[in-house]
Every structure is written in C-alpha cells, then in structure tokens.
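Okay, structure first, notes after.
The values are calculated or read from the model by the stated rules, or taken from the named source; none is laboratory data. Predicted model, so just to flag it, every value in this text is computed and none were measured. Cβ placement follows ideal geometry from the backbone for every residue including glycine, while neighbour counts extend to all protein chains displayed.
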Amino acid sequence: MKPFDYEQDFNTIDFRKNPELYQVGRGEQGVLMVQPYKGEILPHWRFRTVPIAKVSAAKIMALFEEYRAKDDFVGMDMARKFIQMGYTRARRYSNHKGGRKYDAEGKELPRGIDEEKAAAAAIFKAYWDRLRADEDYLARKKAHQQKYG
C-alpha cells in the first residue's frame, strides 16, 4: 500500500466522479477531505450521548448501504471511516475530558472515564466490527486497492 497522498487537490476533486483518485489509506485518513462524501456524511456524525450516537451510527450505516446499492465503494469506505472515527473520538472523550489527550509539552493528560462517552463509543464499535467483517466490503476494498493503489 502506497502512502496516503495529502497533496491531492481535495478542494476541487469530486471523488464520486473520479474514484480512481481515492486512496483507502490507513484508518481514518482523508475522512474530512474527500468530497462529496464528507458533505453527505459529516452532518450525521455525532457521539455526545448514547441516544445521539445510536441515531448517528444507524444513519451512517444506512448511508453505507445506500452507497453499496449504488456500487459506490468510495462512499462505502468513507462511511466506514466516519463509523471508525465515531468510535475513536468517543473513546478519546471518554478517557480525556474535553477530548485533549496531550498537554502543551506533549505529555499525556490524566485519564478519566466518562461512562456516557464509553457507551457511545461501544455503539460505533459494534457497527465498525460489522463493517470489518463484511465480506462484500472487504472484496471491494481489495479490488479498489489492486486497481488504483
């Protein structure tokens, strides 16, 4: 896998029209850059409370399925990234009040536990686990990476 190309002109590329320019990358790379998907998914991405996380994760999963039905792998992968980011960000806020993990000197701030955020993270984690085991998604991911890098 080649390194994620942050030098692309993310402000002008429509990745729906140019899926060959999309790179899966590692984890959540590009999640807040790739349009038009960022604009379609980001308004639904929330994790502040358990009820909000349930609605958010379900909506993003529904978008994932809509992208699948349209044979749009890039949309599927972007939905997966937002689900993954829902988990990672909720975990960070669970462990660190205010979401800041490090102080100005780069030292990790003391950990706490916010049970509400931990429960919200678990909601996203369940969806993320489903996506990581989805054989159709994994086959499409492999095909995209083989074809485009």
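Regarding the stretch 66-83, can at least one residue be identified that is within 19 Å of Leu131 (Cα to Cα), out of contact with any helix residue (DSSP H, G or I) (no Cβ under 9 Å at 6 or more places or on another chain) and either part of a helix (DSSP H, G or I) or of a type in the set (A, V, I, L, M) (or both)? Yes, that holds for at least one residue. Give the stretch 86-125 a look and list any residue that's in a loop (DSSP other than H, G, I, E, B), among the charged types (D, E, K, R) and in contact with a helix residue (DSSP H, G or I) (Cβ under 9 Å, 6 or more places away or on another chain), or say none. Correct list: Arg100, Lys101, Arg111, Asp114. Inside the stretch 2-28, can you point out the residues that are assigned to a loop (DSSP other than H, G, I, E, B), touching a residue at least 40 places away in the same chain (Cβ under 8 Å) and within 19 Å of the chain's Cα centre (by Cα)? Hits for the stretch 2-28 are Phe15, Arg16, Tyr22, Gln23, Val24, Gly27, Glu28. One residue stands out among those in the stretch 42-58 that are more than 13 Å from the chain's Cα centre (by Cα) and among the charged types (D, E, K, R): the one that is modelled with the highest pLDDT, which is Lys54. Go through the residues of the stretch 98-108 one by one and say whether even a single one is of a type in the set (A, V, I, L, M) and within 18 Å of the chain's Cα centre (by Cα). Within the stretch 98-108, not a single residue is of a type in the set (A, V, I, L, M) and within 18 Å of the chain's Cα centre (by Cα). Report whether or not Gly39 is at pLDDT 95 or above, of a type in the set (Gly, Ala, Ser) and surrounded by fewer than 12 Cβ atoms within 10 Å (Cβ to Cβ). Criteria met by Gly39.
Residue-level analysis places Val31 among those that are within 14 Å of the chain's Cα centre (by Cα), of a type in the set (A, V, I, L, M, F, W, C) and assigned to a loop (DSSP other than H, G, I, E, B). Cβ separations smaller than 7 Å between residues 6+ apart or across chains give the following pairs from the stretch 113-139 residues that are under 20 Å from Trp45 (Cβ atoms) to residues that are outside any helix (DSSP H, G or I): Glu116/Thr49; Ala120/Phe47; Ala120/Thr49; Phe124/Phe47.
Against the numbered list (1) crowded, with 16+ Cβ neighbours inside 10 Å; (2) free of Cβ contacts under 8 Å to residues at least 60 places away in the same chain, Gly106 comes up short only at (1).
Quick check on my filter: what residues within the stretch 44-65 are outside any helix (DSSP H, G or I) and either basic (Lys, Arg) or in contact with a strand residue (DSSP E or B) (Cβ under 7 Å, 6 or more places away or on another chain) (or both)? The answer is Arg46, Arg48.
Quick grid of which residues meet (1) among the small types (Gly, Ala, Ser); (2) surrounded by 15 or more Cβ atoms within 10 Å (Cβ to Cβ):
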position	(1), (2)
Asp5	no, no
Phe10	no, yes
Lys17	no, no
Val24	no, yes
Gly30	yes, yes
